[in-house]
1. Could you tell me which residue of segment 37-63 is farthest from residue 112 (Cα to Cα), considering only residues that are of a type in the set (Gly, Ala, Ser) and in contact with a Ser or Thr (Cβ under 7 Å, 6 or more places away or on another chain)?
2. Checking the structure you have, find out if any residue of segment 28-37 is outside any strand (DSSP E or B), within 22 Å of residue 148 (Cβ to Cβ) and out of contact with any His (no Cβ under 9 Å at 6 or more places or on another chain).
3. For residue 7, work out the one condition from (1) under 30 Å from residue 178 (Cβ atoms); (2) exposed (fewer than 10 other Cβ atoms within 10 Å of the Cβ) it doesn't fulfil.
4. In segment 124-160, how many are in a loop (DSSP other than H, G, I, E, B), modelled with pLDDT of 85 or more and among the polar types (S, T, N, Q)?
5. Residues being surrounded by fewer than 16 Cβ atoms within 10 Å (Cβ to Cβ), part of a strand (DSSP E or B) and not charged (D, E, K, R): count how many of those fall in segment 48-75.
6. So, of the residues in segment 97-124 that are under 20 Å from the mean Cα position of the chain (by Cα) and in contact (Cβ under 8 Å) with a residue 40 or more places away in the chain, which turns out to be farthest from residue 30 (Cα to Cα)?
7. Among the residues of segment 89-97, is there at least one that is of a type in the set (Ser, Thr, Tyr) and touching a strand residue (DSSP E or B) at 6+ places or on another chain (Cβ under 8 Å)?
8. So, of the residues in segment 79-96 that are part of a helix (DSSP H, G or I) and either of a type in the set (Lys, Arg) or without any contact (Cβ under 8 Å) to a residue 12 or more places away in the chain (or both), which turns out to be nearest to residue 19 (Cα to Cα)?
Amino acid sequence: MPHISEASTTALNQGIFVLAVILIAWWAVGGIINRRRANRIIAALRPLMRGTGQVARIRWHGPSAFHIEVSETRGGIRALAILVLLTARESPFTWAWALWRHYRDLLVLEADFTRTPSRSRTVPVDASGSDLPRGWSLRLQPKHPHLHLTAPLPAAPEAVLREAFRILDEYAAAIANRTDSSQADAGPKA
């Protein structure tokens, strides 16, 4: 049986200790980065929601995802849920995996309207001829949720959030103002 010297045991213990300190520091910094990112997104969402509803509650689903419950919805919207999925930054392994898989921060917006859409419509990710920005997807359907929109969130999320709420408001208005239930639902060209 090979003999392990005291010096190699000490070096191994020091290496393990240094690795543990690095991982704990990474976890703390990753959490701080995600909380700051979330605060920036929430701050950008609040003024956009003035015509749509009030933030009732923000629930965290781990360090990289949060859900905003919206109350007192108006403007043709009966229910609204906002889910934000942040890139996992808690460890170098999850962060490297997310980078390798090209995962980005993601906005998921689901809404039910006061009137049911008359037909289903899906605009796939990167659809040619679509007015949706690259990487977005939109589904409109008569069943819950009436509108499902996903959009990647860049480092400065304000423009993406404004566009997402513009699309939501246009669909809500078009469906609420529809005069014939067999009429195709208007909304923005997507």
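1. 56
2. Looking through segment 28-37, none of the residues is outside any strand (DSSP E or B), within 22 Å of residue 148 (Cβ to Cβ) and out of contact with any His (no Cβ under 9 Å at 6 or more places or on another chain).
3. (1)
4. So the count comes out to 1.
5. Qualifying residue count, segment 48-75: 7.
6. Looking at residues that are under 20 Å from the mean Cα position of the chain (by Cα) and in contact (Cβ under 8 Å) with a residue 40 or more places away in the chain, I get 123.
7. No: segment 89-97 contains no residue that is of a type in the set (Ser, Thr, Tyr) and touching a strand residue (DSSP E or B) at 6+ places or on another chain (Cβ under 8 Å).
8. Ranking the candidates gives 93 first.
The values are calculated or read from the model by the stated rules, or taken from the named source; none is laboratory data. Treat the numbers as computed from the prediction; the structure is a model and nothing was measured. Glycine also receives a Cβ, built like all others from the backbone with ideal geometry; neighbour counts cover every protein chain displayed.
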